[in-house]
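Data first, discussion second: the structure below is written as structure tokens.
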């Protein structure tokens with residue numbers, strides 16, 4: 001019983017802080033709007049969703065609260081009662097947090113004090129919704145009751161699901177049948193059958209050829225962005241995933257590629273108007289060389305210096321691009337317009353469908369390259385350096401040059417992505433090369449599965465594709481990324497699709513970082 | 001891998017350091033010569049003004065840099081979220097000032113008087129108390145929630161967690177407090193336009209009260225920290241943990257507790273720097289900690305990471321270089337931030353162990 005009390009109390013405080021924070025940053029409104037979206041009611045941004053959806057949202061939070069409180073190991077033969085106590089306590093604590101906040105802001109709103117001067121997200125309407133349309137005292141009491149009841153229900157539900165033999169049996173059976181289906185002889189045979197493999201590849205190829213023609217401009221744009229981020233992710237994966245060196249300012253190489261390409265093909269400011277393919281190759285080369293130059297003095301130092309130096313480089317590049325000093329050469333903060341598109345045999349193809357094909361081809365080429373690299377001697381050398389540099393050097397690997405090669409390759413791939421990005425948008429400016437781009441790429445590599453090529457695909461679709469679908473959470477994206485990084489590192493540092501190659505020395509810090 | 005091409009590359013790689021160092025050095029000498037001897041665009045008073053603002057900025061950088069160095073020395077991680085800890089402290093100070101401004105303290109002579117101006121010293125102390133409390137709390141929970149579960153994890157994972165924490169805190173305060181910059185209204189006696197005036201080469205140079213106040217306070221805090229680390233039991237434990245965690249543990253030092261307290265101490269210093277930023281710079285928003293944080297890390301590397309006097313020196317040095325740099329090299333003031341980052345790259349090229357040398361334990365290297 002003592003454990004139950006403690007668990008309930010702890011979970012309650014955690015969820016109390018979460019609920020209050022959600023209210024302070026205006027996420028209660030967004031959460032209710034998301035619930036409304038699930039139920040098929042669209043809520044335009046900026047307006048308040050109907051009250052029932054908010055009730056559902058808060059109840060869901062309460063259910064989760066109760067389930068968390070009950071989930072932890074509880075003492076005693078009968079789990080049901082301690083779990084309910086934990087749930088009740090967690091609900092009460094969270095409810096008190098919520099009620100106090102509701103009361104305070106309800107009082108302020110009743111006295112016509114606008115708190116938006118200091119807390120921009122809390123509009124009078126959102127306070128009213130938080131109080132369920134009632135006055136401050138009733139509203140906060142309702143909040144307390146709702147959170148407590150839903151938390152108790154959540155703990156009851158969790159315990160039932162966990163202890164009920166029928167439910168458990170159902171899940172076990174489902175899991176078993178899934179494993180059986182995957183490992184059955186027929187499935188293995190089908191997977192090892194070359195013609196089945198070719199048929200699958202043909203199907204994917206057909207989809208890649210047909211889909212860009214059918215799904216229209218918007219999806220071509222969104223998925224083109226996803227494709228560019230896949231390229232970036234594959235590039236970063238080389239240096240961070242395989243060679244184990246974190247590069248925060250990856251966007252610097254992206255910018256070098258984009259600007260080299262743009263300056264060579266745009267009519268202003270230099271009027272060079274070079275051929276697309278030549279400029280593309282030069283953009284890739286320029287980015288690769290910049291990676292080499294940054295790596296030369298840094299890569300024989302301790303690992304985290306590279307992270308911070310590339311971060312500095314990214315900021316330097318962005319500030320320089322914006323500055324008056326470089327305006328005659330790089331068009332300054334206005335950016336470069338009318339960047340050239342691809343041509344082939346005299347025919348220019350710049351429609352969104354054509355560009356989608358180009359991006360698909362680039363993704364395929366880069367992933368082919370990545371696959372070949374992964375299984376090559378070089379790729380294995382990177383992983384060896386990552387896992388234990390001293391041992392790697394003892395086996396005859398030159399850690400410095402192999403890291404340098406990884407960085408140069410990564411940078412070159414970022415340059416390719418940059419050039420494609422600039423060419424597709426026919427525009428590039430300093431604001432396209434914010435640090436956010438690099439952080440997005442780090443997130444997608446880590447979330448997908450660090451060091452794993454399919455993981456990069458998954459990460460890019462999840463992190464660049466999903467926010468397009470869930471437009472409501474646009475403003476909260478970076479916040480969610482931050483939470484995602486922390487939670488992923490704690491619970492599943494190897495990502496959703498972990499790399500197959502086992503980490504030999506899991507949980508031991510890589511030693512011998514110093515040259 | 002050890003083929004001919006790579007060994008060539010290695011040879012050139014060793015050459016990079018002296019060659020790049022010499023080239024950059026020659027360039028700097030040439031620029032300085034042009035600006036100081038040939039062009040002479042600035043008179044002495046301008047230089048004094050730049051130098052003063054550099055000193056004040058340097059004091060703040062030093063306080064933040066100490067936080068980086070302490071944590072790096074003990075855990076061997078770049079606490080990327082440290083700038084955000086400072087930013088939240090700055091917000092703590094800002095909200096204290098705003099709250100005190102709304103409390104009336106009318107006297108018969110002055111019916112509009114508020115608490116902030118009626119008791120300016122108490123107000124400033126309160127602002128520092130709140131800012132320091134906020135920062136120390138954030139630092140404590142940051143370590144407890146985000147970093148402690150990863151004690152044995154590879155360093156890359158810790159660094160990524162720190163970046164995540166940084167983005168979380170930054171965006172949380174943006175969403176809650178809004179993205180626009182907020183002006184901080186000081187008590188009247190600490191108004192940013194007031195101060196002592198010096199006359200140098202015929203022109204007045206203002207030494208503002210806020211600047212002197214910040215500089216003195218940061219010096220006091222640094223002395224306090226030095227005494228804490230060198231003279232107290234906790235300080236000895238911190239040094240022991242930084243030197244060798246396992247041995248310290250065997251000698252009966254509670255390593256987790258020491259790490260926790262290290263985060264609180266660095267939070268206190270960052271919070272103080274944040275409120276100083278409020279009082280002297282007068283602007284705060286969610287982005288206010290990011291650049292100073294990175295620059296302070298630069299300062300810590302410059303002084304020699306893990307080395308506390310190094311961080312102080314590096315901070316001061318960076319502040320002065322940053323404010324004198326654009327004028328001395330005759331480049332745009334927009335490029336102020338470029339100077340700080342270039343210094344980082346330069347230090348790593350020329351002397352990666354920093355001015356005073358790094359102090360890190362062998363096992364972690």
- Task: Would you mind pulling out the separation of the Cα centroids of the stretch A:304-354 and the stretch A:223-279, in Å?
- Result: 8
- Task: Work out how far the C-alpha atoms of the stretch A:2-176 reach from end to end along every principal axis, then list the three figures in whole Å, largest first.
- Result: 54, 38, 23
- Message: If I histogram all Cα-Cα distances within the stretch B:222-365 using bins 5 Å wide from 0, what percent of pairs lands in each bin?
- Response: 2, 9, 14, 19, 19, 16, 11, 6, 3, 1, 0, 0
- Query: When the distances between all Cα atoms of the stretch B:66-189 are binned every 5 Å from zero, what whole-number percent does each bin get?
  - Reply: 2, 10, 17, 18, 14, 12, 9, 7, 5, 3, 2, 1, 0, 0
- Task: Given the options B:231, B:101, B:49, state which has the largest fluctuation in a GNM of chain B using a 10 Å cut-off (strictly under) for Cα springs.
- Result: B:231
- Task: Distance between Cα centroids, the stretch A:382-439 to the stretch B:164-203: provide it in whole Å.
- Result: 38
- Task: Report the extension gain between residue A:203 and residue A:175 in nm, rounded to one decimal, defined as 0.36 nm multiplied by the number of residues separating them, less their alpha carbon distance.
- Result: 7.2 nm
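What relative contact order, as a whole-number percentage, does the stretch A:216-434 give when Cα pairs under 8 Å and 6 or more residues apart are counted? Mind showing how you got there, number by number?
On the way: 373 pairs, mean separation 92.1, N = 219.
Computed over the stretch A:216-434, the figure is 42 percent.
Between residue B:355 and residue B:30, what is the FRET efficiency for a Förster distance of 22 Å, r being their Cβ-Cβ separation, to the nearest 0.05?
Details: r = 24 Å, r/R0 = 1.07.
The value I calculate is 0.40.
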- Item | Rg over Rh, two decimals, the stretch A:176-266 (C-alpha only, Kirkwood Rh) | 1.15
- Counting residues in the stretch B:130-282 as N, plug N into 2.2 N^0.38 Å and put the Cα Rg over that result. 1.34
- At 222 nm, what helix-only mean residue ellipticity would chain A give, in deg cm²/dmol to the nearest 500, using -39500 (n - 2.57) for each DSSP H run of four or more? -23500 deg cm²/dmol
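Tell me the relative contact order for the stretch B:46-350 as a rounded percent, counting alpha carbon contacts under 8 Å between residues six or more apart. Kindly include the intermediate steps, with their values, before the conclusion.
Numbers: 506 pairs, mean separation 115.1, N = 305.
About 38 percent, as a whole number.
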- How big is the stretch A:429-476 by Rg and Dmax over its Cα atoms, in Å? 11.7, 32
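Order of A:271, B:119, B:280, B:82 from fewest to most other C-beta atoms within 10 Å? Walk me through the numbers before you get to the answer.
Working: A:271 7, B:119 17, B:280 24, B:82 33.
In increasing order of surrounding Cβ atoms, one gets A:271, B:119, B:280, B:82.
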- Message: Per q in 0.10, 0.11, 0.16 Å⁻¹, report the Debye log10 I(q)/I(0) for the stretch B:46-350, using one uniform scatterer on each alpha carbon and no solvent.
- Response: -0.56, -0.68, -1.31
- How far, in nm, would the chain grow between residue B:283 and residue B:226 when pulled straight, counting 0.36 nm per residue and subtracting the alpha carbon separation? 17.5 nm
- Query: Once every DSSP H run of n ≥ 4 in chain B is given -39500 (n - 2.57) and the sum is divided by its residues, what mean residue ellipticity at 222 nm do you get, rounded to the nearest 500 deg cm²/dmol?
  - Reply: -23500 deg cm²/dmol
- Note on the structure: In degrees rounded to 10, the 0-90 angle between helix A:27-38 Cα long axis and the longest Cα principal axis of chain A is 80
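Ranking A:432, B:112, B:278, A:354 by Cβ neighbours within 10 Å, fewest first, what do you get?
Details: A:432 20, B:112 8, B:278 27, A:354 17.
So the residues, fewest neighbours to most, are B:112, A:354, A:432, B:278.
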- Query: Per residue, what volume in Å³ does the convex hull of the Cα atoms of the stretch A:111-242 enclose?
  - Reply: 307
- Which whole-angstrom value gives the distance between the alpha carbon centres of the stretch B:215-259 and the stretch A:443-477? 41
- Task: Would you mind checking the tilt of helix A:303-322 against the longest principal axis of the Cα atoms of chain A, expressed as 0 to 90 degrees and rounded to 10?
- Result: 80
- Task: Taking 7 Å along the Cα-to-C-beta vector as the label spot, tell me the residue B:206-residue A:221 distance in nanometres, rounded to one decimal.
- Result: 4.8
- Query: Taking R0 as 22 Å, what's the FRET efficiency between residue B:40 and residue B:199 from their Cβ-Cβ distance, rounded to 0.05?
  - Reply: 0.65
- Message: On the principal axes of its Cα set, how long, how wide and how thick is the protein assembly as shown? Give whole Å, largest value first.
- Response: 91, 74, 61
- Exposure-ranked with fewest Cβ neighbours within 10 Å first, A:185, A:474 stand as A:185, A:474
- Query: What is the helix-to-structure angle for A:51-71, meaning the angle in degrees between its Cα long axis and the longest Cα principal axis of chain A, kept from 0 to 90 and rounded to the nearest 10?
  - Reply: 90
- Message: Starting from the 7 Å offset along Cα-to-Cβ, what nm value, one decimal, do you get for the label separation of residue B:19 and residue A:191?
- Response: 5.1
- Task: Just round it to a whole percent: the fraction of Cα-Cα distances in chain A exceeding 46 Å.
- Result: 27
- Out of B:269, B:220, B:57, a Gaussian network model of chain B with alpha-carbon springs under 10 Å gives the largest mean-square fluctuation to B:220
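Express in % the proportion of alpha carbon pairs of the stretch A:216-434 at distances exceeding 31 Å. Show your work: numbers first, answer last.
Numbers: 5245 of 23871 pairs.
Roughly 22 percent, rounded to a whole number.
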- Message: Once you place label points 7 Å from the Cα toward the Cβ at residue A:117 and residue A:364, how far apart are they in nm?
- Response: 6.2
- Item | Highest-MSF residue in chain B out of B:296, B:248, B:65 [GNM, Cα springs under 10 Å] | B:248
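A short reminder: the numbers here are calculations on the coordinates, not readings from a lab. Note that the structure is a prediction, hence the values are computed from the model and not measured. Reconstructed Cβ throughout: ideal geometry from the backbone, glycine too, with neighbour counts over all protein chains shown.
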